[in-house]
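To keep things clear, I will list the structure first and then write my remarks on it.
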Amino acid sequence: MALQARRFANALVVDVSGRLDQDNCDAFRADLMVHVEQSAHDGGSVVLDLSGLEYVSSAGLRCFMLAYRQAKAQHGRILVGALQPMVAEIFEISHFNLVFQVFPTVREALAAASSDAAASYDKAAVA
Amino acid sequence: MAVVAIDEKAIAQYGQWPWPRTRVAELVSLIADAKPAAMALDILFAEPDRYSPAAIEKVISLPPELAASLRRLDSSDAVLGRALKRVPTALAVAGLDQDDPQFAGAPAGPPFRFVGGAESSLRSYKGFLHNTREVDAGAASHGLVSVDFEGGIARRMQYVARVGVHGVAGLAPELVRLAVGGTLALHPAAGGLLELRFGDYRVPVQADGRAHVYFGRSDPSRFIQASDILSGRVDLAPLEGKLVLVGFTGLGLQDLAVTPLGESVPGVENHAQAAEAIVEERFLKRHDFAPRLEAAVLLAFGLALFWLAPRANALRSVSALAAGVVLIAGAAWLAFRQAGLLFDPVSPALGGMLVFGMMQVGSLAEAQRQRQQLREQAARMAGELDAAKRIQMGLLPDPREVFSDEARVSVAALLVPARTVGGDFYDCFMLDANRLFFVVADVSGKGLPASLFMASAKSVLKSAALTVEGSLGGVLARAQDEIQRENPESLFVTALAGILDLETGELEIANAGHEPVWIHPPGGKPVRFDAAGGPPLCVMDVFPYPTTRHALLPGEWILAISDGATEAMNTAREFFGAERLATSLGWIGEDAGAVAIVERVREDVKRFSGEAEPADDLTLFAIRWRGGARDPRQSNAVGSDAI
């Protein structure tokens, strides 16, 4: 699961897709941390675009938790957006929607990160 | 080239061997009449003839005058000797490894010269078996009749050897030499070989005097039956100027040899073939470096296979082996066909196959050893996991015991562990006379760490439940604090905790990221009780877990589950899901006890999963509240039931 990142102003949008479980958790975290560190350094945020994420196991949730802790330790910020219904339900049941700020769309997540990021996103969408 | 065969027919017609020498002399005379170039007899006349006139008196008593006149007659040996003189004839001698005083010295023959120490490793006989003096008087020369049998196959014949200090040629080269004339000399030649020279002939032989005979197919047309000659039934004119070999082919005379071409041919034919090969100058040479070359080929082939086998797959290795064998065999065949050079392709080929076989056996053994190791590892792991499972299961209370004398409630619990240890657990106990505490939890992760974490989480939750005053949410918050303190693996645990007041039916629920509880009011439908909650314990450092309250009606039941139920998968990788669970719960009868509820769900999940291996633990915890003690409806109720 190679993470693709797109920059919008001081926010990074990272695409998470497929399934997140025990097997790919470590690779996911390692990849994600690169982006989190970078954005924390810039005083920005990371928005996880979960539109391609089909399923999260409990090991996958732990993975999100560790990312959350690591980001917190580095004063970074992770927001998530565009959850598929299955993943949204998992987030609701596990109340991980209280751990991360969850938004229906990436645009809304970016808007919560900074107005510049949202503006940059809109500009990219028009282009 | 002709072979005069003394065969079964001759024996049948002229009596058993040995014939009277006069009859042999008659045969020789008839052949001599045809004026062949030379003749050789592959027959030894080592003893005086029993049928000589002088010998008769030794067998039967005769009148003295008759015996005397018989003695005056020529012996039949002398008759044969005279007949032999009519044509240049080589007689057979057989080399003996012991000195025979009867035949001292060397058999008479032409001068024989050794050149350049050629005789140094020549086969050397101490003595020889010879014909009787009278027969031998007719011989122009002598030839050795030793065939070297190798594994029952005549490959090499002694073309030249030493008897005492003298050189003697084999019967075949000697026959040829008689025809072409010249003296014999043995010279060293290239490749550690020797050369037997006479006239213009250069016959290559090995250092020990043996030669590989270039055998051809046995040719019946070169045989003339002795009986036909004796009875005059055959025209001998074609024999003029030819080489003639006389010998036995009678089966009863046991002189058959198997040639490398696989035929059983009479021994005499070996000599005939050898003589023919010499005349046609078809020679086979096996140089002294041949064994070294074969060893080098074997080594190279073996090393190549040794290098290749671990690097290529089985099919390629076998192909390489086959290609190598074909190449070696082809090269040896070419050398034989084109240059008459003999190389042994069998040893390198067999050696290569042996190397290959051993490597295969070796890698097989290695693979087996690895499998064994994996099995042992798996067994050890399984042992540890079994231990973990036993720890996990041993920690779980049995509601039957815990609430054995509790009439107000029916409690049942079930935990079906997945094959790998999951982190589910549940607990239930009385906080005081009326309040029943329960918790169903799931530790993230699997295996031993999860199992140990689960044990500690369970005890922390219990102590928090027993000590924290106030809300149930506060219990979870305290538990989180405690668990967090020793959580090196950064595991988290989802937990659904509840406190049921058995008197009033008041239910408190606090949820830390766990599957919601299901509630079934009497006469109603089962519903998911989506109480407010928080993230799993240990995800966030601090979280104020909310507490939700719900008043149960007598007969109302609740079911707490783990995600092993909703996320149970079938072989099509579909989840059991909340909807199927709701349907399953809807079928449960109004009066079903806690055990029946749990069993029903378990059965439905099992049926849904089918052959699919459960990925996660399945935990079901059901409570049916019958009503408080003051409630008349539960006065006849029996004790709690559980599995």
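FYI, it's all coordinate maths here, none of it is from the lab. Here the structure is a predicted model, which is why all the values come from computation and not from measurement. Positions of Cβ are backbone-derived with ideal geometry, glycine not excepted, and every protein chain shown enters the neighbour counts.
Quick notes
- Residue-by-residue Karplus 3J(HN,Hα) for segment B:532-541, coefficients 6.51, -1.76, 1.60, Hz, glycine and proline x: 4, x, x, x, x, 4, 6, 7, 10, 5
- Only helices enter this figure: runs of n ≥ 4 DSSP H residues, each worth -39500 (n - 2.57), summed and divided by the residues of the protein assembly as shown, yield -12500 deg cm²/dmol at 222 nm to the nearest 500.
- Applying the Kirkwood pairwise sum to the alpha-carbon positions of segment B:291-369 produces a hydrodynamic radius of 13.1 angstrom.
- In segment B:530-639, chymotrypsin sites (Phe, Trp or Tyr not before Pro) in a DSSP loop with at most 15 other beta-carbon atoms within 10 Å: B:587
- Distance between segment A:60-127 and segment B:468-491 - C-alpha centres, whole angstrom: 26
- With a Förster radius of 45 Å applied to the C-beta separation of residue A:10 and residue B:574, the computed FRET efficiency comes to 0.60.
- Within straight-line cross-link reach of residue B:458, lysines at Cα separation under 29 Å, skipping those fewer than 8 residues along the same chain: A:72, B:389, B:446, B:606
- Cα gyration tensor shape of segment B:2-279, rounded if a/c is under 1.5, else prolate or oblate by comparing a/b with b/c: prolate
- Axis of helix B:314-339 versus longest Cα principal axis of chain B: the two differ by about 10°, to the nearest ten degrees.
- On Cα atoms only, tilt of B:472-485 relative to the major axis of chain B in degrees: 40
- Spin-label model, residue B:401 to residue B:430: label points 7 Å out along the Cα-to-beta-carbon direction sit 1.6 nm apart.
- Share antiparallel - DSSP beta bridges, chain B, percent rounded to 5: 70
- Per the Debye formula on identical point scatterers at the alpha carbon atoms of chain B, with no solvent, log10 I(q)/I(0) at q = 0.08, 0.09 Å⁻¹ is -0.71, -0.83.
- Coil-residue trypsin sites (Lys or Arg not before Pro) of segment B:309-373, DSSP, other Cβ within 10 Å capped at 16: B:311
- Rg [Å, one decimal], Dmax [Å, integer] - chain A, C-alpha atoms: 13.4, 39
- In sequence order, calculated HN-Hα J values of segment B:549-565 (Karplus, 6.51, -1.76, 1.60; Hz; x Gly/Pro): 10, 8, 9, 7, 8, x, x, 6, 10, 10, 9, 9, 10, 10, 5, x, 8
- For the protein assembly as shown, share of DSSP beta bridges that run antiparallel, in % to the nearest 5: 65
- In terms of its alpha-carbon gyration tensor, segment B:400-499 comes out oblate; a/c meets the 1.5 threshold, while b/c is at least as large as a/b.
- For residue B:3, residues with placed amide H under 5 Å, excluding near neighbours: B:223, B:224, B:245
- Gyration tensor (alpha-carbon) shape descriptor, segment B:472-622, a/c threshold 1.5: oblate
- Considering the protein assembly as shown at the alpha-carbon level, its Rg and Dmax are found to be 53.8, 160 Å.
- Put the Cα centre of segment B:16-80 next to the Cα centre of segment B:374-402 and the gap is 105 Å.
- For the protein assembly as shown, the Cys residues with no second cysteine's beta carbon closer than 4.7 Å are B:428, B:538.
- Applying the Karplus relation 6.51 cos²θ - 1.76 cosθ + 1.60 with θ = phi - 60° to segment B:519-526 yields 3J(HN,Hα) values of 10, 10, x, x, x, x, 9, x Hz, where x marks Gly and Pro.
- Relative contact order of chain A, pairs being alpha-carbon contacts under 8 Å that are 6 or more residues apart, as %: 27
- A dipole drawn for the protein assembly as shown from +1 and -1 charges on Cβ atoms has a positive end, and of B:135, B:331, B:374 the residue lying farthest that way is B:135.
- On Cα atoms only, tilt of B:346-394 relative to the major axis of chain B in degrees: 20
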